[in-house]
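Peer 1: Pasting a structure here, questions to come.
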Amino acid sequence: MKQRLERWLLNVWYGDDRLGKYLLLPLTGIFCVLAAFQRWRDKRQQVKHPVPVIVVGNISVGGTGKTPLVIWLVERLREAGYTPGVVSRGFGSAGKTGAVFPNANPAEIGDEPLLIVQRTGVPLVVSRHRNQAIASLLQQHPCDIIIADDGLQHYRMGRDVEICVVDGQRRFGNGYCLPAGSLRESVSRLASCDFVVINGETMQMQGDTLLSLAGDESKFLSELAGQTVHVVTGIGNPQRFIATLEQAGLRVLPHTYPDHHAFSGEELRFDDGFPVIMTEKDAVKCRQYAAPNCWYLPIRAVLDESFAQALFTRLQGL
């Protein structure tokens, strides 16, 4: 039922289901009024923090590429001499609050926070209450800058820099706010952000080496060119990942699930011997089901140096 509803909404937001859009428009009006009131109320209660806070978010639901950008920020800030920390809501988790460690259970703290910690080792706290998460992080670690993963609409959290990530393929869908469209806020919100990063244009994703889910083996993605593979994934925009593999010459048999899907071992087993490929975000939840023919593709965000210089200039001016 959940997957059917998701497919229907995606067709309303990004496809040609005009009837569905018009049926949902009255609810969109209610959503916009309630969201405006909550935004006004939260801004009046906004908490200022003793260190700079960089918010990485989006104005649409679904994956836009925030996690690779957060990882990029952690690495570049360290190179510049900062000691960053990260706070996250932990979507797809059981709602647990606290610090995230590399051996944590993704079902408890979320797949994206675990991926960030495993890739960077950065101090990270998950909580629905961002201000409490920041306070806890600063008590436990000597961080001098905080990155808030997906916190653009959490206006009670004070922020110094806002970075909005836009999906370069889907853009803003039909342009309407929830539920008739995919937007959490109107497109005009971008004008108040410090930076707008477009995934696929101003930010590129690169990855050419597959890693084994079952061990330390690796191989170049190009080695599978011309072969048929199963792609099992539960991310916000699976078509982007599938397109990456197809551009590398792979013949893809897609098996897509909702974002943050909790996988079972059966979903990774096929009786035809074809390799199984997934994203790194999916892999952190599937290691216990690893088989020799299961692989994942780590990717990294690549941004122009001018963006980094503009960001550091902005930080120096705080």
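Peer 1: Skipping prolines and chain starts, which residues have an amide H placed within reach, meaning under 5 Å, of the one on Ser60, given they are 5 or more residues away or on another chain?
Peer 2: Arg184
Peer 1: Could you tell me which of Val33, Val51, Trp8 has its Cα farthest along the dipole of the stretch 1-134 towards the positive end, charges placed at Cβ (Lys, Arg +1; Asp, Glu -1), taken about the Cα centre?
Peer 2: Val33
Peer 1: Turning to a different aspect of this structure: Please label the shape of the chain as rounded, prolate or oblate, based on the square roots a ≥ b ≥ c of the eigenvalues of the alpha-carbon gyration tensor (a/c under 1.5 means rounded; beyond that, a/b larger than b/c means prolate, else oblate).
Peer 2: oblate
Peer 1: Taking the Cα centre of the stretch 208-298 as the origin, how large is its charge dipole in debye, to the nearest 20, when only Lys and Arg (+1) and Asp and Glu (-1) carry charge on their Cβ atoms? Could you put the intermediate results ahead of the total?
Peer 2: Numbers: 7 positive and 12 negative charges, 28 e Å.
Charge dipole of the stretch 208-298: 140 debye, to the nearest 20.
Peer 1: Which of the lysines could a cross-linker span from Lys281 if the Cα-Cα distance has to be under 16 Å and same-chain partners fewer than 8 positions apart are dropped?
Peer 2: Counting by Cα, and skipping residues close in sequence, Lys281 has these lysines nearby: Lys66.
Peer 1: Can I ask one more? Of Cys294, Cys193, how do they rank once you tally other Cβ atoms within 10 Å and put the fewest first?
Peer 2: Working: Cys294 22, Cys193 17.
The fewest-first ordering by Cβ neighbours comes to Cys193, Cys294.
Peer 1: Right, here's the next one. How far apart, in nm, are the 7 Å Cα→Cβ label points at Arg128 and Glu6?
Peer 2: Simple spin-label model gives 2.1 nm for this pair.
Peer 1: Here's something else I'd like to know. What shape does the stretch 35-150 take by its C-alpha gyration tensor, where a ≥ b ≥ c are the square roots of the eigenvalues and a/c under 1.5 counts as rounded, a/b above b/c as prolate, and the rest as oblate?
Peer 2: Values: a/c = 1.40, a/b = 1.17, b/c = 1.20.
It comes out rounded by the Cα gyration axes.
Peer 1: Over the chain, what is the relative contact order in percent, taking alpha-carbon pairs closer than 8 angstrom and at least six residues apart?
Peer 2: Values: 603 pairs, mean separation 65.4, N = 318.
This gives 21 percent for the chain.
Peer 1: When a footprinting reagent is the concern and you count Cβ atoms within 10 Å, what order do Ser218, Ser186, Ser127 take, fewest first?
Peer 2: With the fewest neighbours first, Ser218, Ser186, Ser127 line up as Ser218, Ser186, Ser127.
Peer 1: For the charge dipole of the stretch 208-298, defined by +1 on Lys and Arg C-beta atoms and -1 on Asp and Glu C-beta atoms about the Cα centroid, which residue among Ala283, Ala225, Ile235 has the Cα displaced farthest towards the positive pole?
Peer 2: Ile235
Peer 1: A further question on this structure: Which of Lys219, Lys21 has the fewest other C-beta atoms within 10 Å, and how do the rest follow up to the most? Please list the in-between numbers first.
Peer 2: On the way: Lys219 13, Lys21 20.
Going from sparsest to densest Cβ surroundings: Lys219, Lys21.
Peer 1: With the contact rule set at Cα under 8 Å and sequence spacing of 6 or more, what percent relative contact order holds for the stretch 71-204? Walk me through the numbers before you get to the answer.
Peer 2: Working: 214 pairs, mean separation 29.1, N = 134.
The value is 22 percent.
Peer 1: Considering only DSSP beta bridges with both partners in the chain, what is the antiparallel share in %, to the nearest 5?
Peer 2: Numbers: 12 of 48 bridges.
Taking every DSSP beta bridge within the chain, about 25 percent pair in antiparallel fashion.
Peer 1: Once you've got the GNM for the chain with C-alpha springs shorter than 10 Å, pick whichever of Cys286, Cys177, Cys32 has the biggest mean-square fluctuation.
Peer 2: Cys32
Peer 1: Still on this structure, I have one more. Compute the Cα gyration tensor for the stretch 208-298, then decide on rounded, prolate or oblate, letting a ≥ b ≥ c be the square roots of its eigenvalues: rounded whenever a/c is under 1.5, prolate when a/b is larger than b/c in the other cases, and oblate in all that remain.
Peer 2: The shape class here is rounded.
Bear in mind that the values in this text are calculations on the coordinates, not laboratory data. For clarity, every value in this text was computed on a predicted model and none was experimentally measured. Methodologically, a virtual Cβ is constructed for each residue, glycine included, from the backbone with ideal geometry; neighbour enumeration extends over all protein chains shown.
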